[in-house]
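Dropping a structure here in structure tokens format, bear with me for questions.
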Amino acid sequence: MKYTEDNLGEIVTTDGDNGSYYDERIVMAYCPICAAKFIGTIRQAGGFLGGHEVFHAWEFTVQINNELEA
Ligand SMILES: [Zn+2]
């Protein structure tokens, strides 16, 4: 399912392999670190934010380690 800014605020029900979500609101979220944006259900926005958080934490750790080794 593809959502755009036109869908913001809509309440949807989605079915997927992992279950069904009822009465999910379509929202926009953005990453405070790299400014990437996402539009989708709140459940998906949580995955987007969690994914970015984990990735940027990893990126930061790798960077620190490289600086310590240099
Ligand atoms: Zn990010």
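The values are calculated or read from the model by the stated rules, or taken from the named source; none is laboratory data. Bear in mind that the values here come from a model prediction, so they are computed numbers and not experimental data. For neighbour counting, all protein chains shown are included, and Cβ atoms are generated from backbone atoms with ideal geometry for every residue, glycine included.
Taking the range 2-16, which residues are outside any loop (DSSP other than H, G, I, E, B) and either on the phi > 0 side of the Ramachandran plot or touching a residue at least 12 places away in the same chain (Cβ under 8 Å) (or both)?
Scanning the range 2-16 gives 5, 7, 11, 12, 14.
Inside the range 17-59, can you point out the residues that are assigned to a strand (DSSP E or B), farther than 16 Å from residue 2 by Cβ and not small (Gly, Ala, Ser)?
Hits for the range 17-59 are 21, 22, 23, 25, 30.
Which one is nearest to the chain's Cα centre (by Cα) among residues in the range 10-44 that are away from the ligand (no atom under 16 Å from the Cβ) and among the aliphatic types (A, V, I, L, M)?
Of all residues in the range 10-44, those away from the ligand (no atom under 16 Å from the Cβ) come to 10-27, 41-43.
Now narrow it down to the ones that are among the aliphatic types (A, V, I, L, M): 11-12, 26-27, 42.
Details: 11: 18, 12: 18, 26: 13, 27: 11, 42: 9 Å.
Once the filter is applied, the top-ranked residue is 42.
Here is a further query. Taking residue 62, is it in a strand (DSSP E or B) and either charged (D, E, K, R) or more than 11 Å from the chain's Cα centre (by Cα) (or both)?
no
Also: So which residues in the range 45-60 are more than 11 Å from the ligand (Cβ to nearest atom) and either at pLDDT below 95 or touching a Phe, Trp or Tyr at 6+ places or on another chain (Cβ under 7 Å) (or both)?
Residue satisfying the conditions is 45 alone.
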